[in-house]
Amino acid sequence: MSAMRPTVGLFVTCLVDTMRPAVGFAAVKLLQDAGCEVVVPAAQTCCGQPAMNSGDRSDAKSLARQVIKAFAQVDYVVAPSGSCAGTIKTHYPELFDDEPEMAAAVADLTERTWELTSFLTTVMKVARVDGRYDGVVTYHDSCSGLRELGVRPQPRALLEGIDGLSVKEMEMRDTCCGFGGMFCVKYPEISGKMVDAKADEVLATGADTLLGGDLGCLLNIAGRLSRRGSRVRVRHVAEVLAGDIEETPPIGAPRS
Amino acid sequence: MQSTARVFPDNAHRAMGDVNLQASLARFSQGFPVKRRLAIDRLPEFDSLRDAARDIKNHTLENLDFYLERFEEKVTENGGRVHWCADAESARQTVLSICRESGAHTVTKGKSMIGEEIGINEFLEEHSVAPIETDLGEYIIQLRHEPPSHIIAPAIHLSKEQVADSFREHHAEYPADRPLEEPRAMLDEARTVLRRKFLQAEVGITGANMLVAETGSIVLVTNEGNGDLTQTLPQVQIVIASLEKVVPTLEDASTILRLLARSATGQDLSVYTTFTTGPRRPEDLDGPPAFHVLLLDNGRSRMLGNEFREMLRCIRCGACINHCPIYGAIGGHAYGWVYSGPMGAVLIPNLIGVDEAGHLPNASTLCGRCEEVCPMRIPLPRMLRKLRDQQFEKKLSAKPVRWGLAGWAFVARRPALYQMVMQIGVAALAALGRKRGRFRWLPMASGWTGARDLPAPQGFTFQEMWSARGGRRQ
Ligand code: SF4
């Protein structure tokens, strides 16, 4: 690795790839601005979390092997998601605990893997990102990022550089939004109740924008907010940091 | 207790429609977590105590046979008796035969989850012994013939008014129009009624929060003092406890006590913490002449030998339940058996079978808040995943789920195919949803769209755009 320009392999994540590529491009811009060379290995699909959380260890392992291989050459692996980065960092070692011969490759990958905002602040030492966003923002800390990777101060620190933006925190900011991957379709009624409570929290702040670092949760909360007729704009934090808000309407909003 | 875990979704549905329950849950979800936080902030060494407690329990479980035998020796030395019970049936029979020997008609009971687990009340009633619950919450649900809905707050699902109604119905000796609006009035009434029972009972049954191997003591923690009256007034005391309750020393017990109440209710210590060692000695002023301890296995030794051993560190503080958003949405009865919340979702399948209770480990977002607060550092989400692994291996998960997963994984393992499929899929979806930016309904996606809109995708995949823009691949 060149100390000056590390090569970062972007782990796009399946949700960003399919539902909101804008988040991926925002991540690329932030990484490049921070001085990284960004590559996107073609042989990536999904980190395997849906299989892992459904008890399907064998498929989860195949997908994990695919990730290990696809990202073998880069200095860092960065994902615009705490959930996917958390799967790689905290769960791959568990997944392969019965295959000691995989331990070295897994450890090598987990050490290089980061969630986007924590990579920017911790590894690239980005102190501030300049930009402008006019709005009062509330921030949803996604559970895996928060508890598996300790992502909470990093996105907030980065948002401090954005002019016109102020943050209004939710009362119960560390409760789950009810997404939970397959959970939300397996137990839709319970999930619906949880996301409704989260929507209440968001609305109670009076913020006009909800940001977060995980598209799964954001799709869930945005979907509930729009079902309730709310006008709160929902975006991935990378979009605001990268200044990519003109091009792409907020999550779930019509193209104007 | 007969399990209804199999119909968990129906139970949950009913619970979410129960106005009283929902009001109670809304109050409850604010209470304990806040108090716990405050209590912990006052104790800087809390996290190092957690490590110490985890190590104590790990060591004990490692040497469980040794400590249990030592406990038995000590109890015997003190003049008490230990009964080893492999399962619920043998525990019930043992309790009954002790009651018969002592000619008991009335038995007072302190709150005991093991009592619930073995269904001791129904069993004693069937055999003409009247069990009287003396913990206020347990007393209330006994009147209402309901199981507890929380391991430390068994009647948390009820409103004041529901409790008052039950008192009016069952305490016929009081005038029907007496005022019972205030909790204080209900408390006083329960106290008077229970006081008579305390004096009447020939046998007292309690659980145990811990068993101390070095002294043969049992440790009982309550907030109402009912446990002490249950232990000391009758002629015969029976303690029912599961194997993993043992700790090596008094010192170890106090380490765990420092975590227990703080994690449970946010108290520094519960109001009463009682160490009881053997039957009444000649110089004692009170206490029962006969002292029995039932050590119940009921699935514990199996867990000791498998990947769920860590669950045996559980001290039943309820913190994981108090912080669980699923419990907060549906309450405890929906889980369908004695326990609830994250600890229940791990324990119940282990105790009554993953085929019976298969929903429970799945009905979780694995958000990890339980593990974050568990004083014994039990990796609850990891245990839930392990149960899911078991289900998948045994092919217990629903067929459509398994097939869907297999199809998806087949494609996801082939990046080129995957990218083509996704490209076509999102283009089609975006074409349908372009105008509104979201879907209110989609075929086969009603699980999602029942409660929320589905934001429409942008219409192209990141991967195809990256290629189109000539982005670097390696
Ligand atoms: S699992 Fe942990 S938090 Fe839950 S009841 Fe047991 S000790 Fe308490």
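Which FRET efficiency value, to the nearest 0.05, do you get for B:Asp55 and A:Glu111 by plugging their Cβ-Cβ distance into 1/(1 + (r/R0)^6) with R0 = 30 Å?
After rounding, the FRET efficiency stands at 0.60.
Using the reciprocal of the averaged 1/r over all distinct C-alpha pairs, how large is the Kirkwood radius of the protein assembly as shown in Å?
By the Kirkwood definition, the hydrodynamic radius is 27.7 Å.
Can you grab the distance from the C-alpha centre of the range B:428-474 to the C-alpha centre of the range B:1-34, Å, no decimals?
Taking the Cα centre of each part, the range B:428-474 and the range B:1-34 sit 35 Å apart.
Expressed in nm², what is the orientationally averaged projection area of the convex hull enclosing the Cα positions of the range A:7-123?
Its average projected convex-hull area is 6.6 nm².
According to a simple spin-label model (label point 7 Å from Cα along Cα-to-Cβ), what is the distance in nm between B:Asp65 and A:Arg255?
7.2
Roughly how crowded by other chains is peptide B:329-341, in terms of the mean Cβ count from those chains within 10 Å of each of its Cβ atoms?
Taking all residues of B:329-341 together, the mean is 1.
For the range A:1-65 and the range B:270-340, what is the separation of their Cα centres, given in Å?
Centre-to-centre distance over Cα atoms comes out at 45 Å.
Summarise the partner chain shielding of A:33-45 as one whole number: the mean count of Cβ atoms from other chains within 10 Å of each residue's Cβ.
That average works out to 4.
Report in % the part of the accessible area of chain B that belongs to carbon and sulfur, leaving out ligands and nucleic acids; probe 1.4 Å.
54
Using just the alpha carbons, could you tell me how many Å³ per residue the convex hull of the range B:404-468 encloses?
Taking only Cα atoms, the range B:404-468 has a hull volume of 92 Å³ per residue.
List the GluC sites (Glu not before Pro) in the range B:1-78 that DSSP assigns to loop (not H, G, I, E or B) and whose Cβ has at most 16 other Cβ atoms within 10 Å. Which are they?
B:Glu45
Hey, what's chain A come to in accessible area per residue, 1.4 Å probe, Å²?
35
In percent, how large is the relative contact order of the range B:301-397, given Cα pairs closer than 8 Å and 6 or more residues apart?
It comes to 29 percent, rounded to a whole number.
Probe of 1.4 angstrom, ligands and nucleic acids ignored: what's the accessible area per residue over the range B:31-298, in square angstrom?
Accessible surface, normalised per residue, equals 42 Å².
In the range A:7-123, what percent of the accessible surface is made up of carbon and sulfur (1.4 Å probe, ligands and nucleic acids excluded)?
55
Rounded to the nearest Å, what's the spacing between the alpha carbon centres of the range B:384-400 and the range B:38-74? Just the number, please.
Computed from Cα coordinates, the inter-centre distance equals 32 Å.
For chain B, what Kirkwood radius comes out of the mean inverse Cα-Cα distance, in Å?
For chain B, inverting the mean 1/r across all distinct Cα pairs yields 24.7 Å.
Can you tell me what the convex hull of the Cα atoms of chain A projects to on average, as an area in nm²?
13.1
Per the helix-only calculation at 222 nm, which mean residue ellipticity applies to chain B, given -39500 (n - 2.57) for every DSSP H run of n ≥ 4 and division by its residues, nearest 500 deg cm²/dmol?
-15500 deg cm²/dmol
If the limit is 25 Å between Cα atoms, which of A:Lys61/B:Lys395; B:Lys245/B:Lys394; B:Lys74/B:Lys197; A:Lys61/A:Lys186; B:Lys111/B:Lys160 go over it?
Where the Cα-Cα span goes over 25 Å, the pairs concerned are B:Lys245/B:Lys394; B:Lys74/B:Lys197.
So with the 1.4 Å probe, I'd like the accessible area per residue for the range B:404-468, rounded to whole Å².
51
Could you give the length gained by full extension between B:Glu181 and B:Gln162, i.e. 0.36 nm per residue of separation minus their alpha carbon distance, to one decimal place?
Difference between extended and current length: 5.8 nm.
Measure off 7 Å from each Cα along the Cα-to-Cβ vector at B:Arg440 and B:Asp87, then give the distance between these two points in nanometres to one decimal.
Rounded to a tenth, the inter-label distance reads 5.5 nm.
Based on the alpha carbons, how large is the Rg to Rh ratio for the range B:299-367 when Rh follows Kirkwood?
Across the range B:299-367, the Cα-based Rg/Rh ratio is 0.94.
Take every residue in peptide A:221-228, count the Cβ atoms of other chains within 10 Å of its Cβ, and give the average of those counts.
Across the residues of A:221-228, the mean count of other-chain Cβ atoms within 10 Å is 5.
When only C-alpha pairs under 8 Å and at least 6 residues apart count, what is the relative contact order of chain B, in percent?
Across chain B, relative contact order equals 20 percent.
Using the alpha-carbon atoms, what tilt in degrees (0 to 90, nearest 10) does helix B:183-200 show relative to the longest principal axis of chain B?
50
What total accessible surface area, summed over both chains, is buried at the interface between chains A and B, computed with a 1.4 Å probe and given in Å² to the nearest 100?
It comes to approximately 6100 Å² buried between A and B.
The values are calculated or read from the model by the stated rules, or taken from the named source; none is laboratory data. Note that the structure is a prediction, hence the values are computed from the model and not measured. Reconstructed Cβ throughout: ideal geometry from the backbone, glycine too, with neighbour counts over all protein chains shown. Side chains included, ligands, DNA and RNA excluded: accessible areas come from the protein's heavy atoms. Shrake-Rupley method; radii C 1.70, N 1.55, O 1.52, S 1.80 Å.
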